[in-house]
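Contents: one structure, followed by commentary.
The values are calculated or read from the model by the stated rules, or taken from the named source; none is laboratory data. What you are looking at is a predicted structure, and each value in this text was computed from that prediction instead of being measured. Neighbour counts are summed over all protein chains in view; Cβ atoms, including those assigned to glycine, are modelled from backbone coordinates with ideal geometry. For the accessible areas, the whole protein counts, side chains as well, though only heavy atoms, and no ligand, DNA or RNA atoms are used. Shrake-Rupley method; radii C 1.70, N 1.55, O 1.52, S 1.80 Å.
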Amino acid sequence: MRHRIEVLHGVNLDQLGVRPAEHYGSLTFDQLEFKIEGFAEELGLELSSFQTNSEGEFVERLHRAREMDDGLILNPGAWTHYSWAIRDALEISGLPAVEVHLSDVNAREDWRKQSVIRDLCFMTIAGKGIEGYKEALEALAARLEEGDEQ
Ligand code: DQA
């Protein structure tokens, strides 16, 4: 069975390439998306992705995911640290999810250490740059395959 994964990129992630390279690397958002598509293809996953700077749109995309997707990868950007609305919407989706951050949020400012979605995600990957998305896709593929066998 071919699984469908949605990658949700939150606020300011469209500005990659302009944001501090020491935290986020030098790839642009389009380059990041291209790489993620390649990883998904290698794993035989169907991929959709979405980026928005509007919290409401992010929430609506999570509502839709419940019907459309089998698993989620979320990098909500700064919303990670305080958006209870996004947390609730993720809970509503009921989907297996991985939280990904390009930068090492635990080694930066204190306010970045808090994540309001972490306990709803079965895995968190931070500080591995683009490689983090590859690991997240691998983990979701393995988990969804396990589910197929049961
Ligand atoms: C981020 C980390 C967040 O703290 C920050 O606000 C972002 C990006 C990351 O990918 O490292 O916008 O989620």
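Here is how the numbers come out for the structure above:
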| read-out | value |
| --- | --- |
| Residue-normalised accessible area of the stretch 4-149, expressed per residue, 1.4 Å probe, Å² | 48 |
| Paramagnetic reach from Ser49 in the stretch 94-111 [backbone N under 19 Å; point 7 Å along Cα→Cβ] | 97-104 |
| Extended-chain gain in nm, criterion 0.36 nm per residue less alpha-carbon gap, Glu146 and Asp104 | 12.2 nm |
| Accessible area, probe 1.4 Å, largest first, for residues Arg143, Arg87, Arg2 | Arg2, Arg143, Arg87 |
| Spacing of the two label points (7 Å from each Cα toward its C-beta) at Ile130 and Gln31, in nm | 0.7 |
| Extension reserve of the Trp111-Arg19 stretch, reckoned as 0.36 nm per residue once the Cα distance is removed | 31.3 nm |
| Cα lying deepest toward the dipole's positive end in the chain, options Val98, Cys121, Ala21, charges on Cβ | Ala21 |
| Kirkwood-based Rg to Rh ratio, the stretch 4-149, C-alpha trace | 0.93 |
| Computed magnitude of the charge dipole of the stretch 4-149 (debye, nearest 20; Cβ of K, R +1, Cβ of D, E -1) | 560 |
| Solvent exposure ordering (accessible area, 1.4 Å, most first) of Trp84, Trp79 | Trp84, Trp79 |
| About the Cα centre, charge dipole magnitude for the stretch 38-121 (Lys/Arg +1, Asp/Glu -1 at Cβ), debye | 280 |
| His9 accessible area, assembled protein chains, probe 1.4 Å, Å² | 0 |
